[in-house]
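Contents: one structure, followed by commentary.
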Amino acid sequence: MVATQRRGRRIMMTAAERDTYLADQRTCRVATVSADGRPHIGALWFVWDGGSLWLYSITRSRRWTQLTRDPRLAVVVDDGVEYGDLRGVELSGDADFVGEAPRTGAPCPELDVPEALFTRKYFGMEVMPHDGRHAWLRLTPDAIASWDFRKLGDA
């Protein structure tokens, strides 16, 4: 069950606004926790399938290593330059490792949708090019918060 956003209801995105926003954005920032409790943040490409955020990560990265020890992560997708244009979504929960690692393209029906979305979004192709260095992480969020400061002008 996803936690309900308590504050900022006035600027909160609707589910449809959030889904459209996440489909359109290209880069997110992913925060993981190191063994000593320090946060680590890095940028990644992603796709949103309406219920889960799919992250395509290098398996020899600090992020991957940290998530194998502690699956907790938080992700922020945001944009805007002027205060009144700021908008974004924060998602948090535990990462699930899906498919082979690293991914070489072995059949995995669970990855059919995210790979199709990812391939069209980032490569403009229909078939996922596997490089043997990346693999999939799925974040089905426990909590989602969103904001769209453009709504402040509507008040």
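Observations, loosely collected:
- Residue with peak Gaussian network fluctuation, the chain [Cα springs, cutoff 10 Å], from Val30, Val81, Val89: Val81
- Here the spin labels are modelled as points 7 Å beyond Cα on the Cα-Cβ line, and at Thr119 and Asp70 they lie 3.7 nm apart.
- The distance separating the Cα centre of segment 102-147 from that of segment 9-43 comes to 16 Å.
- Whole-percent carbon and sulfur share, accessible surface of the chain, 1.4 Å: 52
- Estimated at 0.36 nm per residue, the fully extended path between Ala43 and Tyr83 surpasses their Cα-Cα distance by 12.2 nm.
- The label point for Ala23 and the one for Thr104, both projected 7 Å from the Cα toward the Cβ, are 3.5 nm apart.
- Dipole magnitude (debye, nearest 20) for the chain, charges at Cβ of Lys, Arg, Asp, Glu: 480
- Calculated [222 nm] ellipticity per residue, helices only, for the chain: -4500 deg cm²/dmol; basis is -39500 (n - 2.57) per DSSP H run with n ≥ 4, divided by all residues, nearest 500.
- Helix 15-24 axis versus longest C-alpha principal axis of the chain: approximately 50°, rounded to the nearest ten.
- Each 10 Å bin from 0 upward holds the following percent of the Cα-Cα pairs of the chain: 10, 39, 34, 15, 2, 0.
The values are calculated or read from the model by the stated rules, or taken from the named source; none is laboratory data. Just so it is clear, the model here is predicted, and its values are computed rather than measured. Using ideal geometry, Cβ is built from the backbone for each residue, glycine included, and neighbour counts are taken over all protein chains shown. The protein model used for the area step is the full one, side chains on, heavy atoms only, and it has no ligands, DNA or RNA in it. Shrake-Rupley method; radii C 1.70, N 1.55, O 1.52, S 1.80 Å.
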